[in-house]
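To start, the structure under review is shown below, and the notes come after it.
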């Protein structure tokens, strides 16, 4: 099979992948919208005593609104991908830069920077709409235009100071390290991620938010309780901090950040205002459960393994002319196509990800149940369940998602699925669930 025929078939494969991915995402999103709208009128029986109808309807409306804008983004992104590839957008950008810069490392890096800059500008209307229209409409947005501009300026500066040297190193390695460049790039990528986990908590995050040490003055006895819980779980962190998340959003959260000796526990101030001390303990115990079961380490190892596989694949594709021509790009004959191959690969990869995402979503939901079980053994299980319901209500998470949509996109189990878990049944069910009753009736 000659090069022209192979590139033609690859074009057909790309179009089939793009169309099937787009159609699948559209179908799942519209299923989710219809399912949520159909159950908007009444709170599910399992939640009727805990969740008010207005809160349930707000969550439904918020979910539907997010999916509507998501559909517009999906169509725009798919059309933009065709423009960049088959309609020659990336090829035009590359040739334009070659008319200004000599072929080589500088032109290659300029291509990646230009592509990223154009993509960021095109994404800007969606970002602004989500922040200042969608989040504002549902009472979540606390960000001012001035604060948004400050964040944008800081993010841009950090991207330039860190991202440009990193990209330059990657492109140089791709051209200078021979046929095994992908292995060298993978090693650099691993080192970069580990370094980022070390420096982000103490150097980058404080540029955007204020982190105050958790103390018993503002939150009576909370530091003592949290410290005691961490000792029971055998966990040590560099510090306990409260982040001023309320200056940007009403959403609540808590998380661990850092790596090794730089680990720290961060609570959103919104979380501490919404939950009781017992509930804060339970949420923290849940996060500690992830560390107990080594979920974080396993995810990092999986990420590194997937990146190794991806870079190996890119290493092979970058040597195939049909890969470039099949995606509407005419590569340089001297082989200086590192930036082109990297950008094309990064555009095609999400299409493949559409079909493997349910696997990773299922693994994540399994991890969440394991963390729940650990939390119930170290804190008040009833407080954990009430905290989760509060957070779902405060974050306007729908109680009635489409089951198939959940399998594709939900990294955390929906509330309905969590309440079927034996851990929650004993705290919320006044009658045994059907599965349990049937098993009991079938016993001799």
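Observations, loosely collected:
- FRET efficiency, 1/(1 + (r/R0)^6) with R0 25 Å, evaluated for residue 236 and residue 299 via beta carbons: 0.75
- Beta bridges assigned by DSSP with both partners in the chain are antiparallel in approximately 65 percent of cases.
- A crude spin-label estimate for the pair residue 202 and residue 407, with each label 7 Å from Cα along the Cβ direction, gives 4.6 nm.
- Between region 280-333 and region 59-98, the C-alpha centres lie 22 angstrom from each other.
- Over region 192-302 - Rg/Rh using Cα atoms and the Kirkwood inverse-distance radius: 0.95
- Working from Cα pairs under 8 Å separated by at least six residues, relative contact order for region 23-145 is 20 percent.
- When the chain is treated as a GNM with alpha-carbon contacts under 10 Å, the residue of 408, 235, 47 showing the greatest mean-square fluctuation is 235.
- Size descriptors for the chain: radius of gyration and Dmax over Cα atoms are 24.8, 84 Å.
- On Cα atoms only, tilt of 164-176 relative to the major axis of the chain in degrees: 50 degrees
- Fully extending the segment from residue 69 to residue 155 would add 28.5 nm, taking 0.36 nm per residue of separation and subtracting the current Cα-Cα distance.
- Coarse-grained scattering of region 322-416 at q = 0.11, 0.14, 0.17, 0.24 Å⁻¹, given as base-10 log I(q)/I(0) from a Debye sum over alpha-carbon atoms: -0.55, -0.69, -0.83, -1.21
- Among 374, 323, 208, the largest mean-square fluctuation in a Gaussian network model of the chain (Cα springs under 10 Å) belongs to 208.
- Cα-based helix-to-principal-axis angle, 53-84 vs the chain, degrees rounded to 10: 10 degrees
- Using the alpha-carbon positions of region 260-356, Rg (one decimal) and Dmax (whole number) come out as 21.9, 66 Å.
- Projected onto planes of every orientation and averaged, the convex hull of the alpha-carbon atoms in region 131-271 covers 11.5 nm².
- Separation of the residue 355 and residue 172 label points, Cα + 7 Å toward Cβ, nm: 3.9 nm
- The chain: relative contact order in percent, alpha carbon pairs under 8 Å with at least 6 residues between: 24 percent
- Based on C-alpha pairs under 8 angstrom that are at least 6 apart in sequence, region 306-412 has a relative contact order of 29 percent.
- Over the Cα atoms of region 1-113, the radius of gyration divided by the Kirkwood radius equals 1.25; this is the Rg/Rh ratio.
- MRE, 222 nm, helices only [DSSP H, n ≥ 4, -39500 (n - 2.57), over the chain, to nearest 500]: -22000 deg cm²/dmol
- Using alpha-carbon coordinates, inclination of helix 3-38 to the longest axis of the chain, degrees: 20 degrees
- Rh (Kirkwood; distinct C-alpha pairs) - region 72-214, Å: 18.4 Å
Values quoted throughout were computed directly from the atomic coordinates according to the rules given, and no laboratory measurement underlies them. Note that this is a predicted model, so its numbers are computed, not measured. When we count neighbours, we look across all protein chains shown, and the Cβ atoms used for this are built from the backbone with ideal geometry, even at glycine.
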